[in-house]
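Enquirer: Have a look at this one.
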Amino acid sequence: MAPTKETPYTQILYLNIPAEKDLNDPTVAAGHSWSRALDVIEQQQGFIRLSWGRSPEDRTNVQLQTGRSPAVQWISSPTLRQMNDSCYCTRIDKKLNTVRTELAQHRNFLYSAAYDQFLSLVKPLLRPNAPAPFARHVRLTHFTPDRPSPVSPSSPVTGSAIYVSTDATWHEGAWPLWTHIVRHVSGCVGIAGGELLEEVDGHMRCYLVYVGWESIEKHEEYHHTEHFAKRRIVLGLGNKGYREYAHMKFEGERIGPIGTAAKL
């Protein structure tokens, strides 16, 4: 079996920010606020890494990933309770993916004053009447650790979907088999996936997948090949369908001392 690499829990925060707000340029108002918001995440104890991006299909949808080492205490936050009222929204809005070594560290951040500070910085960026930011948590396994990560700017574009109500057939057979099939397809860059802790569209045991591609065109072309037609049945085994199929282009990344050391 090919090597894999399991990461700490990833926290995904979903937000909706208009495409015209330039988040890449810190010299403009939106980019400055976004950079300061990322500073808040980066300055938290045990920070490992973060990456963020927008969906090419709808650039109001963005995702950020962050990692941290274990937390030590919990802090109450009215803002988090407000956010959790909508935490099971199924729409992919702007995503913030946050990777930390312990699930408790993710939750500690959501209950902290630092998270309230983060929200105060991003609130002016949000689309009016957009759904409130919400969080999901996943423990990703990188099935192609010798290739560029599909959840970083090193992947030109990444296809993602959430398979719902998965069972042992999916976890022990279908998905591992698919990772061995798709890695050899022309244009495939890298593969990651993991089980979500939260429900999606009323389903538990949901599995989030990321597959990096050289381009959206390469990905879509593959769906029209005989190779895919003969093997697509594999993706239907051990689950009750998929939700939130989309692409993500990760545009930024920050790596802390812990994350840098892990690469050495």
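Read the figures in this text as sums done on the coordinates, not as results from a lab. The structure presented is a predicted model; accordingly, all values stated were derived computationally and were not measured. Ideal geometry is used to build each Cβ from the backbone, glycine not excepted, and the neighbour counts take in all protein chains shown.
Enquirer: When the dipole is taken about the Cα centre of segment 140-246, and only Lys, Arg (+1) and Asp, Glu (-1) are charged at their Cβ, what size is it in debye, to the nearest 20?
Expert: Magnitude of the dipole: close to 260 debye.
Enquirer: According to the square roots a ≥ b ≥ c of the eigenvalues of the Cα gyration tensor, what is the shape class of segment 154-216, taking rounded for a/c under 1.5, prolate for a/b larger than b/c otherwise, and oblate for the remainder?
Expert: oblate
Enquirer: Give the long-range amide H neighbours of residue 111: residues separated by 5 or more places, or on another chain, with amide H under 5 Å away, using H modelled in the peptide plane at 1.01 Å from N.
Expert: 75
Enquirer: Quote the FRET efficiency, to the nearest 0.05, computed for residue 227 versus residue 24 with a Förster distance R0 of 45 Å and r equal to the Cβ-Cβ distance.
Expert: After rounding to 0.05, the efficiency reads 0.80.
Enquirer: Another one. Given the Cα-Cα distance of residue 113 and residue 167 and 0.36 nm per residue of separation, how much length would full extension add, in nm?
Expert: 15.6 nm
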